[in-house]
Amino acid sequence: METWQKIYTTRNHAEASIIQGMLEENNIPVQIMNKQDSSYLNFGDIELFVPGHFSEAAKQLVAQSLLN
């Protein structure tokens, strides 16, 4: 079984969704784990995970998209 690696953490749902879409457009599987409190959204994070062998490519894509 392949391990998934965390590549990005945010507290913004829109940002997580945009990054998820960008990774999926580049054929990188991605899973979102929402650890935010359902009542108080300023507590907890949203984490994005990809399979281990995609982690470097995913990190580079995220870094490029954040620079633009």
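What to note about this one:
- Candidates in segment 5-48 are the residues that are of a type outside the set (D, E, K, R) and touching a Gly at 6+ places or on another chain (Cβ under 6 Å); of these, the one that is nearest to Ser65 (Cα to Cα) is Gln5.
- First in segment 10-36 and surrounded by 15 or more Cβ atoms within 10 Å (Cβ to Cβ), second anywhere and among the acidic types (Asp, Glu) and in a helix (DSSP H, G or I), Cβ under 7 Å, 6 or more apart: Val30/Glu24
- Pairs with Cβ under 8 Å, 6+ apart, first in segment 41-68 and on the phi > 0 side of the Ramachandran plot, second of a type in the set (Lys, Arg): Gly44/Arg11; Gly44/Lys35
- Filtered by the rule that a residue be at pLDDT 95 or above and of a type in the set (S, T, N, Q), segment 18-41 gives Gln20, Asn26, Asn27, Gln31.
The values are calculated or read from the model by the stated rules, or taken from the named source; none is laboratory data. Fair warning: this is a prediction, and the values are worked out from it, not measured in the lab. Ideal geometry is used to build each Cβ from the backbone, glycine not excepted, and the neighbour counts take in all protein chains shown.
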